[in-house]
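The values are calculated or read from the model by the stated rules, or taken from the named source; none is laboratory data. Note that the coordinates shown come from a computational prediction; the quantities given were computed from them, not determined experimentally. We place every Cβ from the backbone using ideal geometry, glycine too, and count neighbours over all the protein chains shown.
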Amino acid sequence: MREIPFTFLRGFVMGAADVVPGVSGGTVALVFAIYHRLIDAVRTGSTALGRFLKFDIRGGIEALRSVEWVFFLPLVAGIGVAVAIMAGIIEAALTDYPVEMAGLFLGLVAGSVVVAWQLLERRDAPRLVMLLGVGAVTWVVLGLREGTSDESVSQVADPATWTYFGAGAIAICAMILPGISGSFILVMLGMYGPILAAVNDRNLVPVALVALGCVVGLALFSQVLHWALAEHYDSVMAAMIGLMLGSLRVLWPWPAGLDSTSIGAPSDPWVWPTAFAVGGAILVVGFNEVAKFLERRTSADEAAELKST
């Protein structure tokens with residue numbers, strides 16, 4: 001039970017990250033060392049859903065009992081609260097301080113690259129080629145659009161109701177992958193502005209449709225991701241690191257922060273964006289080191305307790 005408040009806080013940070021185009025909640029989960037637990041919980045939940053759809057009620061209930069609810073529910077609650085609270089705040093900050101915010105997010109993702117690199121078990125030539133290849137492709141693809149905010153790209157003015165469901169189903173697949181921003185996918189689909197407005201205005205029907213789309217998309221995608229991590233862990237991790245590196249194009253602060261994917265030399269303002277970038281990277285790497293220390297101490301305490309009994 002002591003873990004619940006910390007899990008809620010992790011979920012809150014993940015939700016805040018998911019609101020920002022170019023920043024992935026999956027990256028936050030990776031840094032918090034809860035990524036595999038999240039994927040396992042989602043996969044088990046999707047198994048239960050599949051059994052219910054086949055009218056296997058008993059099998060569905062058994063699968064639901066296998067879900068780590070004490071972990072999963074506080075995490076989801078934290079994500080939901082963060083999205084509700086932070087949507088308006090981040091929208092305003094991105095508008096008023098685009099370069100400074102981009103610097104902060106650049107540092108956070110750069111620090112995540114360092115953390116993810118440490119998770120690779122094999123750092124051989126094939127993995128390096130995959131990492132660089134995915135990073136290069138992501139860098140080029142993200143540059144196809146000139147902007148990443150709802151003010152700088154063409155958004156759907158009056159989307160059909162069903163598009164909220166489809167946007168949620170597609171974006172959630174990116175949100176759980178480190179390095180891929182679900183919000184950026186929404187921008188590319190032209191749905192970032194409408195969905196952000198629906199959250200800020202507490203328009204429940206579109207929000208509910210997005211949430212339902214997320215559930216369906218996550219249920220379908222989690223099985224594939226779990227298999228890939230189990231069978232091809234290092235290749236998947238190398239690709240994820242490449243995605244993170246490629247996504248840095250969106251977060252480069254100059255010339256216009258998150259409002260442009262163009263790359264320019266540092267210019268005014270440069271002091272605060274640079275400081276935020278360095279601070280963000282140190283924060284992520286430092287947090288990871290603290291988490292590893294606490295994990296080692298917990299393991300040692302558990303081993304000592306077992307030995308004493």
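Some values worked out for this structure:
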| quantity | calculated |
| --- | --- |
| First in segment 56-68 and within 18 Å of Val42 (Cβ to Cβ), second anywhere and loosely packed, with under 13 Cβ neighbours inside 10 Å, Cβ under 7 Å, 6 or more apart | none |
| Count - residues of segment 203-223 that are more than 17 Å from the chain's Cα centre (by Cα) and assigned to a helix (DSSP H, G or I) | 10 |
| Within segment 250-271, considering residues that are in a helix (DSSP H, G or I) and either of a type in the set (Asp, Glu) or surrounded by fewer than 20 Cβ atoms within 10 Å (Cβ to Cβ) (or both), the one modelled with the highest pLDDT | Val271 |
| Number of the exception - Leu225 against (1) of a type outside the set (Val, Ile, Thr); (2) buried (at least 18 other Cβ atoms within 10 Å of the Cβ); (3) at pLDDT 75 or above; (4) closer than 25 Å to Thr44 by Cα | (3) |
